[in-house]
Amino acid sequence: MRMSVVDVGSNTVRLVVADAEGGVPLPVHTAKWRLRLSEVVGPDGRIPEEAVHRLVGAVAAADETARKWGAAGPLAFATAVVRGAPNRLEVLRAVRAETGVRLCTLPGEEEAELTFLGARRWMGWRAGRSRCSTSGAAHWKWPSVAGGCRTSWPRCRSARAG
C-alpha cells in the first residue's frame with residue numbers, strides 16, 4: 001500500500017510518499033514547499049489571507065504530487081503556527097474547500113509524542129534512555145522516556161517559544 005503524509009510546519013509544507021507494506025513505511029519520494037508562515041503571521045497570530053492562498057497552493061501541489069506517485073490523498077497535519085492561529089478554522093476550511101484535503105491539527109503534546117516515537121523507531125528501542133527535541137518557529141517540543149523500554153510512555157511537553 002502506498003500512502004502519503006503532509007506536514008504543514010512553521011516554515012515548510014513537507015510531503016512524504018511511502019510504501020507501507022509489511023508495517024514499516026519506506027519513503028519513495030519527498031518534496032518540500034517553503035512558505036515561512038511563521039514570518040508572516042500577524043502580532044495576534046492570525047495567518048494573513050495571502051499566506052492562506054500560498055498554503056492552499058502548496059497543499060494542492062503536495063496532493064497532486066502524491067497522486068502522481070500512486071498514493072491516495074494524503075494524511076495532512078498542521079503544527080503550531082496553524083494550531084495557534086485565531087483564524088485556524090478559516091485556514092482549515094479554505095484548504096479543505098479548495099483542495100479536498102482535510103488538514104488536521106494536533107495538540108502540542110501529541111505532536112511531541114509522535115516526534116519521540118518516530119525518533120525512537122529510527123534509533124531502536126535498545127538505544128536506552130533517550131531525549132529528543134524538535135522546534136518549529138513557534139514551539140519547542142521535548143519528549144523523553146524515563147526507562148529505555150517500550151512499555152515506558154514518553155513524558156511530553158510543548159512550550160511556546162519566545
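The values are calculated or read from the model by the stated rules, or taken from the named source; none is laboratory data. Just so it is clear, the model here is predicted, and its values are computed rather than measured. Cβ: placed from backbone, ideal geometry, glycine included. Neighbour counts: every protein chain shown.
Details
- Matching residues, the stretch 13-33, being β-branched (Val, Ile, Thr) and touching a strand residue (DSSP E or B) at 6+ places or on another chain (Cβ under 6 Å): Val13, Val16, Val17, Val28, Thr30
- Restricting the first member to the stretch 13-26 and to residues that are crowded, with 17+ Cβ neighbours inside 10 Å, and the second to residues that are hydrophobic (A, V, I, L, M, F, W, C) and at pLDDT below 90, the beta-carbon pairs closer than 9 Å and six or more apart or on different chains are Ala18/Leu26.
- Scanning the stretch 15-33 for residues that are of a type outside the set (Val, Ile, Thr), modelled with pLDDT of 85 or more and within 18 Å of the chain's Cα centre (by Cα) returns Leu15, Ala18, Leu26, Pro27, His29, Ala31, Lys32, Trp33.
- Test: residue in the stretch 85-92 that is β-branched (Val, Ile, Thr) and buried (at least 17 other Cβ atoms within 10 Å of the Cβ): yes
- Taking the criterion of being crowded, with 18+ Cβ neighbours inside 10 Å and hydroxyl-bearing (Ser, Thr, Tyr), the residues of the stretch 1-12 that qualify are Ser4, Ser10.
- One residue alone among Gly73, Gly57, Gly108, Gly84 is within 23 Å of Pro25 (Cβ to Cβ), at pLDDT 60 or above and not basic (Lys, Arg), and that residue is Gly73.
- For the stretch 111-120, a tally of residues being over 17 Å from Val82 (Cβ atoms), within 13 Å of the chain's Cα centre (by Cα) and either among the charged types (D, E, K, R) or at pLDDT 75 or above (or both) returns 1.
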